[in-house]
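Engineer: Quick one: the structure is below, questions incoming.
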Amino acid sequence: MLILGIETSCDETAAAVIKDGNKILSSVISSQVEIHHQFGGVVPELASRSHNEQIIPVVNKAIKKAKIKIDDINAVAATRGPGLIGSLLVGFSFAKAFSFAKNIPCAGVDHLCGHICSIFLEKNPPKFPFVSLLASGGHTNIYYVESPLKYTLIGRTRDDAAGEAYDKVSKMLGFGYPGGKIIDDLAKKGDPLKINFPKPYLDKELFDFSFSGLKTAVLRYIQTHKNEYKQEIVNIAASFQNSATDVLSYKIINAAIVKNTKNIVIVGGVAANEGLRKKVIEKAKKKKLNAYFPSYNLCGDNGAMIAAAGYYYIKEGRFIKPEDDVYSRIRTN
Ligand code: KG4
Ligand code: ZN
């Protein structure tokens, strides 16, 4: 079974060909970072227009790289939401037209389900049930996952997403978008205990997050140390990262304990964070839990994870209807 996966929910135009739900034959990602960098964040209209330019070349490249013919594709899967409406419409409408023209089924995949399913593309995927932390630019959620399409939201951010906090701190320090990798790299050179930023645990028994207070604390530090903060940039990055990753790792480890499962899975753009990976692995080991992370190229948005999730949609007969539309906000059903 060959599935073409398409992702256009935000600022990556991505397409991939996956065999039997877990073998990546090709994965092509065309990033729009160059376009949005100067604005310090994603400009929705520019994103949609760029997807429109890129979608056919990216799909063609994915088919070519997979060394298959267009007629070999058995099904198509595209992100249906959540995300930017104009961006989603490009990939979703493309997939609809593709399935119509080729008379093959089409799945409208939830982007968050796609991130969870990114772990099934790894060689040794976790056994069910597991708890999953999905940390990206738009979401910071904890799920209890019983099967690829059966997952329950047990925690979420009440304000900023973790990746969003990284992006905003990067902007405050004069670096661009996206900021996660920049802060992660700076943090490696700094002292994580130099500045005492708050650790927003909220209720330690609950799995909800809040990152806006931490972000504001960094802003206040910069404002009150106007003349000296430039010498402290690596320490600000390291101390911010220390607070954020302490909370993220604590909550997901605690979720595994409360939900009585041995397996934890970290997915989404922030799963690429070196500091977070290290901390989660260390804490999991102490509690005799198994920690799973996707490869770096599967953490950020990609078409392979959408095809991986699409495989299960198709197997369950969850095809889209011709009149189905995209959605912008998280769906919990
Ligand atoms: O999953 P993703 O590609 O897109 C969304 O669905 O949002 O995640 C993008 C987010 C951005 O906020 C980016 O700054 C963050 O992931 N990110 C990181 C790292 N790499 C990407 N955050 C922290 N550390 C990183 N190494
Ligand atoms: Zn994403």
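Engineer: Please return the longest range in the chain lying between exposed loop sites, taking trypsin sites (Lys or Arg not before Pro), DSSP loop only, at most 11 other beta-carbon atoms within 10 Å, and leaving the sites out.
Structural biologist: So the longest stretch without any such site is 1-66.
Engineer: If you filter segment 265-333 for GluC sites (Glu not before Pro), then keep DSSP loop positions with at most 14 other Cβ within 10 Å, what is left?
Structural biologist: Of the GluC sites (Glu not before Pro), the ones in loops of segment 265-333 whose Cβ has at most 14 other Cβ atoms within 10 Å are 316, 323.
Engineer: Could you give the C-alpha radius of gyration of segment 127-293 expressed as a fraction of 2.2 N^0.38 Å, taking N as the number of residues it contains?
Structural biologist: Rounded to two decimals, the normalised Rg is 1.02.
Engineer: Quantify, in whole percent, the carbon and sulfur part of the accessible surface of the chain (1.4 Å probe; protein heavy atoms only).
Structural biologist: 52 percent
Engineer: Hey, another quick one. On average, how much accessible surface per residue is there in segment 72-228, in Å², for a 1.4 Å probe, leaving out ligands, DNA and RNA?
Structural biologist: 43 Å²
Engineer: With the contact rule set at Cα under 8 Å and sequence spacing of 6 or more, what percent relative contact order holds for the chain?
Structural biologist: It comes to 25 percent, rounded to a whole number.
Engineer: I've got another one for you. Take 160, 20 and sort them by solvent-accessible surface of the protein heavy atoms, 1.4 Å probe, largest at the top.
Structural biologist: I get 20, 160, largest accessible area first.
Engineer: Something else now. For segment 127-293, what does the relative contact order come out to in percent, with C-alpha contacts under 8 Å and a separation of six or more?
Structural biologist: 28 percent
Engineer: Based on DSSP, what percent of beta bridges with both residues in segment 127-293 are antiparallel, to the nearest 5?
Structural biologist: Of all bridge pairs located within segment 127-293, approximately 60 percent are antiparallel.
Engineer: Of all DSSP beta bridges in the chain, what percent run antiparallel (nearest 5)?
Structural biologist: Here the antiparallel bridges make up roughly 60 percent for the chain.
The values are calculated or read from the model by the stated rules, or taken from the named source; none is laboratory data. A quick note: this is a predicted structure, and the numbers were derived from the prediction, not measured. Backbone-built Cβ (ideal geometry, glycine too); neighbour counts: all protein chains shown. The protein model used for the area step is the full one, side chains on, heavy atoms only, and it has no ligands, DNA or RNA in it. Shrake-Rupley method; radii C 1.70, N 1.55, O 1.52, S 1.80 Å.
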